[in-house]
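Let me begin by presenting the structure, written as C-alpha cells, before commenting on it.
The values are calculated or read from the model by the stated rules, or taken from the named source; none is laboratory data. These numbers were taken from a predicted model, which means no experiment stands behind them. Here the Cβ positions follow ideal geometry from the backbone for every residue, glycine too, while neighbour counts run over all protein chains shown. The protein model used for the area step is the full one, side chains on, heavy atoms only, and it has no ligands, DNA or RNA in it. Shrake-Rupley method; radii C 1.70, N 1.55, O 1.52, S 1.80 Å.
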Amino acid sequence: MTTSIKQLPDNEQVLSGNGSCGGCPSPMALRIVGKALGPNAIMLLTPSCAVASMGMTPRLAYNWPCINVCFATAGSSASGIAQAVEILKEKGRLQGELPTVFNWVGDGGTYDIGFQALSAAAERNDNIIHFCYNNEAYSNTGVQRSGATPRGSFTTTTPGGKRQPKKNMALLMLEHDIPYVATATVAYPGDLYDKVVKAKSIPGMKYIEILAPCYLGWQFDMPDTVQMSRMAVRSGAWLLWEAENGKISFNNPSSFIVSGIKDADPVDEYVMKQGRFNRLLKGPDAAQRIAEIQGDIDRQIAFMRERAKITI
Amino acid sequence: MKSVTKAYRPISWPMKGSGGDTGSWRSHRPVVDTKKCSKCQLCWVYCPEAVIDRHEITIDYRYCKGCGVCAKECPTGAISMEKEE
C-alpha cells in the first residue's frame, strides 16, 4: 500500500524562490525525496540544472549540507564522504544517527560521464543512495543528446532524430548485484516516497532513477510536467519497478501493463504531445518512425517481464 | 536558517529566495476558489516551488513562478490562472 499524500511529512528541504524554471521536475522530485530522507543527510551534486538553480551566495535553496563535485566523480566522492562519516562516528566525533549520504545527479552524470565512478561505487557496495533525475538529455547546456535520449528524439546534436535506443541504466545497476534498485517518476509521489524510505533503511549501495520531464527539452507546455510523466508510465515508455536483493517487482500502474491485465496506451498520444518527437513526424515516414518508437517500448516491456522471472 | 547578516564568509546558508523574488517571473497567477477546493493537497504535493500552504491552500505570491502545474492537476478545477497586470 503506497503512502497517501495526506500522510506525507511536513518538512521542506527545498526552499521557495530557487533558480529553477517554473514547472521544473527536479525540485518537484527533490521535495518528496527530502520528506523521506529528513534533515539528517549530506547532498552531493555534479554539474546539472540542480546546481545551476541552487541560488546565489549567501543563499542556498537546499536545506542540507551541499557539496558540488566534478562531473565524473559522483560515485567516488559520495563513497569518500560515506567512509569519512563512518570513521568520525567510530572516533566519537560524531554523535547520534549517521547522516544519509546521497547524490542528486542528472542523466549525464549517471549514464555517460559519471558511469565509471558510479559502477566502481556499486561494485564496492558503499553505503550511499544515488538519485538520477532523468530528463533524457543534457538540458542544462541547451539540450544535447545523452545515453538516456530515446530513439527518434530531437536534440541539438541529433537534428534528424536520434537513431539509437536509450540504455536501460537501472537494469545495468541491478546487474552490479547491489541491494536496492528502483525507478520512479514525479507523477506518483507516494510511490517515490516509499522507495526512498526503503532505500534509507537498507545498508549498502542504492540506486533510484526518477523520470523528470523537462518542458524546455521535451518541448511541451509548462503546466503539463506531471501529466507528461503520467503519460510516460501509462504508455509503457517508463516502467515503475523496484528490486530488493535482485528480485524485481513491478509497481502500479506498470504492474498491470507488464502482467497483461491492462494494455498500455498507444505511444502516439505521448509522442505527439512533445515537440522533440512531433517536429520530425511531418514527413512521409512518420508511421515508420512511430512504429520504431513503439517497437523499442514493446521490446523493453517484454524483456523486463522475462527478467523479473529470474529470482535466483 | 540563518539571516544574511550572519553570513561572514563566502558560504551559502539555506534561505528562501536564493534565486531572488521569483514571483516577478510570473505571467499568470494561480487563484484558489475556496468554495470549490476539497483540500486534497494535490497542488501542495506537485508544487515545484513549495509555495502552497498545505492546510489553508494559500499561495505565497512572492516566490510563485506561475508554472500552472497546480491548476492543471487540481481535480475540482478550484485553481484558475489569471493574467497578471
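With q set to 0.15 Å⁻¹, the log10 of I(q)/I(0) for chain A, from the Debye formula over equal scatterers at the Cα positions, is -1.25. Measuring nothing but protein heavy atoms, the accessible surface of the stretch A:5-307 at 1.4 Å probe radius is 55 percent carbon and sulfur. Net charge dipole, chain A: roughly 200 debye, given to the nearest 20, about the Cα centre with Cβ charges of +1 for Lys and Arg and -1 for Asp and Glu. Do any of A:6/A:200; B:39/B:65; A:6/A:195; A:273/B:65; A:162/B:83; A:89/A:198 go past 27 Å between their Cα atoms, and which? From the list (A:6/A:200; B:39/B:65; A:6/A:195; A:273/B:65; A:162/B:83; A:89/A:198), the Cα-Cα distance tops 27 Å for A:162/B:83.
For chain A, modelled as a GNM with alpha-carbon contacts under 10 angstrom, which of A:216, A:88, A:280 fluctuates the most? Checking each option, the largest mean-square fluctuation is seen for A:88. Within the stretch A:77-142, the proportion of Cα pairs with more than 17 Å between them is 48 percent. Based on every Cα atom in the stretch A:230-306, Rg and the maximum pairwise Cα distance Dmax equal 13.9, 47 Å.
The slack in the chain from residue A:263 to residue A:302, taken as 0.36 nm per residue of separation less the alpha-carbon distance, amounts to 12.8 nm.
Each residue of chain B gets 107 Å³ once the volume of the Cα convex hull is shared out per residue. Per residue of A:118-126, other chain Cβ atoms within 10 Å of the residue Cβ number 0 on average. Taking a Cβ cut-off of under 13 Å around residue A:227, the surrounding Lys, Arg, Asp and Glu residues balance to a net charge of -1, with basic ones at +1 and acidic ones at -1. The simple spin-label model puts a point 7 Å past each Cα toward its Cβ; for residue A:116 and residue A:310 those points are separated by 2.7 nm. GNM remark for chain B: springs join alpha carbons under 10 Å apart, and the peak mean-square fluctuation among B:14, B:75, B:30 falls on B:14.
Here the Kirkwood formula puts the hydrodynamic radius of the stretch A:139-297 at 16.6 Å, using every distinct Cα pair. From helices alone, the protein assembly as shown scores -9000 deg cm²/dmol at 222 nm; the rule is -39500 (n - 2.57) for each run of n ≥ 4 DSSP H residues, then divide by the residue total. The interface between chain A and chain B buries about 3200 Å² of solvent-accessible area in total (1.4 Å probe, ligands and nucleic acids excluded). Among the residues of A:51-62, the average count of other protein chain beta-carbon atoms within 10 Å of the residue beta-carbon is 6.
Neighbouring Cβ atoms from other chains, within 10 Å of the Cβ of residues in A:23-30, number 4 on average. The stretch A:244-310 and the stretch A:61-127 have Cα centres spaced 33 Å apart. Spacing of the modelled spin labels on residue A:71 and residue A:5, each 7 Å from Cα toward Cβ, amounts to 3.8 nm.
A straight Cα-to-Cα reach below 19 Å connects residue A:309 with the aspartates and glutamates A:175, A:177, A:242, A:244, A:298, residues fewer than 8 places away in its own chain not being considered. Of A:299, A:234, A:145, the residue with the greatest mean-square motion in the GNM of chain A, using alpha carbon springs below 10 Å, is A:299.
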